[in-house]
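Worksheet for the structure shown next.
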Amino acid sequence: MTTKQPGPRLPDLLTVTTIALVAYATSNVVHEGVGHGGACVALGGRPLVLSSVHFECGDEAMGALARRGVAAAGTIANFIASAFALLAFKMTNPQQKPHTAYFLWLFTTLNLLMGAGYFLFSGIGGIGDWADVARDSMSPFLWRPAMAVFGGALYFLLARRTAQWLPSLVGNDELSMRRSKVLTVPAYAAGGVLFCLSGLFNPVGPILIAISAAAASFGGASGLLWLTRFLRRGERSAEPAELDRSYVWIVAGCVVSLIFVGILGPSVHL
């Protein structure tokens, strides 16, 4: 008499959600704190305020070029962080460390998508980091369409590329597409809610929720909703990563979210 062995399961939804909260919050700190904040210090400015949706730099002693450098540094930091995270992801075995591998894939994806999304957002809306970089350097009738086209093309290419790294987590059986949806859609929703909830506590005003929190999360990470359509074009691993429930990640997600909302939301005055 034989016993049928259970097959691979879908990822644990609670664990996926809390990993996403950590990835979203970390990518935000990379942009605001490491990028804008680091450039502010390096280029002679005075760090004034750090929050989950903005960084304020005292730039009275800075020249125009240095101010542009601070504005550009957030996106640059996102791209640099994605390169290191991708390298770590490539060196991680998803079957042995599935939760770490998923975090690294999602962190890489968020940094790439949000980085490219800033170009698209500034080009279309005429506001944001790259609008500050381009403003007064040339006519907006030139830089805005060019930046929008560049940002849109880059966003599409990076979304397709990140989808090609996802199969090592979802396998190639009949559940692979469902697994990919579990790894992307709940993460998108959780991160968007986290950013907007934190933005509600920002003293600058509700406008930052629209132009920073919602734009960066629901807008900048929107590729998570459709990048899975490119999975069929890539090679897939034979076995999916088993993302079982991890209480370590659940606790980490709760702690990081509390800090992100309760401390970075209202702003930290430096």
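The values are calculated or read from the model by the stated rules, or taken from the named source; none is laboratory data. Everything quoted here is computed from the prediction, not taken from an experiment. Glycine gets a Cβ as well: all are built from the backbone with ideal geometry, and neighbour counts include every protein chain shown. In case anyone asks, the SASA skips ligands and DNA or RNA and just uses the protein heavy atoms, side chains included. Shrake-Rupley method; radii C 1.70, N 1.55, O 1.52, S 1.80 Å.
For the subset of segment 41-56 comprising residues that are more than 17 Å from Gly128 (Cα to Cα) and in a strand (DSSP E or B), which member is least open to solvent (accessible area, probe 1.4 Å)? If you could, list the steps in order and put the result at the bottom.
Filtering segment 41-56 down to residues more than 17 Å from Gly128 (Cα to Cα) leaves 41-49.
After this cut, where a residue has to be in a strand (DSSP E or B) as well, the list is 46-49.
Working: Arg46: 124, Pro47: 45, Leu48: 45, Val49: 13 Å².
Across segment 41-56, the extreme among qualifying residues is Val49.
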(message) Quick check on segment 241-263. Is at least one of its residues closer than 22 Å to Asn78 by Cβ, in contact with a Phe, Trp or Tyr (Cβ under 8 Å, 6 or more places away or on another chain) and at pLDDT 90 or above?
(response) yes
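In the set Val185, Val133, which member is assigned to a helix (DSSP H, G or I) and open to solvent by less than 40 Å² (accessible area, probe 1.4 Å)? Spell out the reasoning first.
Working: Val185 fails: open to solvent by less than 40 Å² (accessible area, probe 1.4 Å).
Every option except Val133 fails the conditions.
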(message) Given (1) surrounded by fewer than 16 Cβ atoms within 10 Å (Cβ to Cβ); (2) in contact (Cβ under 8 Å) with a residue 60 or more places away in the chain; (3) touching a Gly at 6+ places or on another chain (Cβ under 7 Å), identify the lone condition not met by Pro140.
(response) (2)
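If I ask for residues that are surrounded by 19 or more Cβ atoms within 10 Å (Cβ to Cβ) and more than 14 Å from Leu231 (Cα to Cα), which ones from segment 148-181 would you list?
First pass over segment 148-181, keeping only residues surrounded by 19 or more Cβ atoms within 10 Å (Cβ to Cβ): 151, 155, 158-159, 162-163, 166-171, 176, 179-180.
Gly151, Tyr155 - these are the residues of segment 148-181 that are surrounded by 19 or more Cβ atoms within 10 Å (Cβ to Cβ) and more than 14 Å from Leu231 (Cα to Cα).
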(request) Return a yes/no flag: does segment 115-130 have any residue that is of a type in the set (Ser, Thr, Tyr), touching an Asp or Glu at 6+ places or on another chain (Cβ under 6 Å) and either crowded, with 24+ Cβ neighbours inside 10 Å or in a helix (DSSP H, G or I) (or both). (result) yes
(request) Answer with yes or no whether Pro145 is modelled with pLDDT of 90 or more and buried (at least 21 other Cβ atoms within 10 Å of the Cβ). (result) no
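Could you look through segment 64-114, keep only residues that are of a type outside the set (A, V, I, L, M, F, W, C) and open to solvent by 40 Å² or more (accessible area, probe 1.4 Å), and pick out the one that is nearest to Asp136 (Cα to Cα)?
Of the residues in segment 64-114, the ones of a type outside the set (A, V, I, L, M, F, W, C) are 67-69, 74-75, 78, 82, 90, 92-100, 102, 108-109, 111.
When the remaining residues are screened for being open to solvent by 40 Å² or more (accessible area, probe 1.4 Å), the result is 67-68, 90, 93, 95-97, 100.
Values: Arg67: 12, Arg68: 11, Lys90: 42, Asn93: 48, Gln95: 51, Gln96: 52, Lys97: 49, Thr100: 44 Å.
Once the filter is applied, the top-ranked residue is Arg68.
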(message) Looking at Ala215, Ala190, Ala148, can you tell me which residue is within 20 Å of Trp105 (Cα to Cα) and in contact with a Gly (Cβ under 9 Å, 6 or more places away or on another chain)?
(response) Ala190
(request) Answer with yes or no whether Val34 is open to solvent by less than 40 Å² (accessible area, probe 1.4 Å) and farther than 30 Å from Lys181 by Cα. (result) no
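Answer with yes or no whether His54 is touching a strand residue (DSSP E or B) at 6+ places or on another chain (Cβ under 8 Å) and either over 19 Å from Ser176 (Cα atoms) or aliphatic (A, V, I, L, M) (or both). Can you show your working first?
Values: touching a strand residue (DSSP E or B) at 6+ places or on another chain (Cβ under 8 Å): no; either over 19 Å from Ser176 (Cα atoms) or aliphatic (A, V, I, L, M) (or both): yes.
Spelling it out, it is not the case that His54 is touching a strand residue (DSSP E or B) at 6+ places or on another chain (Cβ under 8 Å) and either over 19 Å from Ser176 (Cα atoms) or aliphatic (A, V, I, L, M) (or both).
Which residue is surrounded by the most Cβ atoms within 10 Å (Cβ to Cβ), if the candidates are limited to segment 212-240 and must be of a type in the set (A, V, I, L, M) and modelled with pLDDT under 90? Can you show your working first?
Kept after step one, since they are of a type in the set (A, V, I, L, M), are these residues of segment 212-240: 213-216, 221, 224-225, 227, 231, 238.
When the remaining residues are screened for being modelled with pLDDT under 90, the result is 213-216, 231, 238.
Numbers: Ala213: 27, Ala214: 17, Ala215: 21, Ala216: 30, Leu231: 18, Ala238: 8.
Step by step, filter segment 212-240, then rank; the result is Ala216.
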(message) For Gly171, only one of the following conditions fails: (1) in contact with a Pro (Cβ under 7 Å, 6 or more places away or on another chain); (2) within 19 Å of Ile80 (Cα to Cα). What is its number?
(response) (2)
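Per-residue answers, yes or no, for (1) touching a Cys at 6+ places or on another chain (Cβ under 9 Å); (2) over 30 Å from Val170 (Cα atoms); (3) assigned to a loop (DSSP other than H, G, I, E, B):
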residue	(1), (2), (3)
Ala23	no, no, no
Asn28	no, no, no
His36	yes, yes, no
Arg68	no, yes, no
Ala77	no, no, no
Leu86	no, no, no
Asn93	no, no, yes
Gln96	no, no, yes
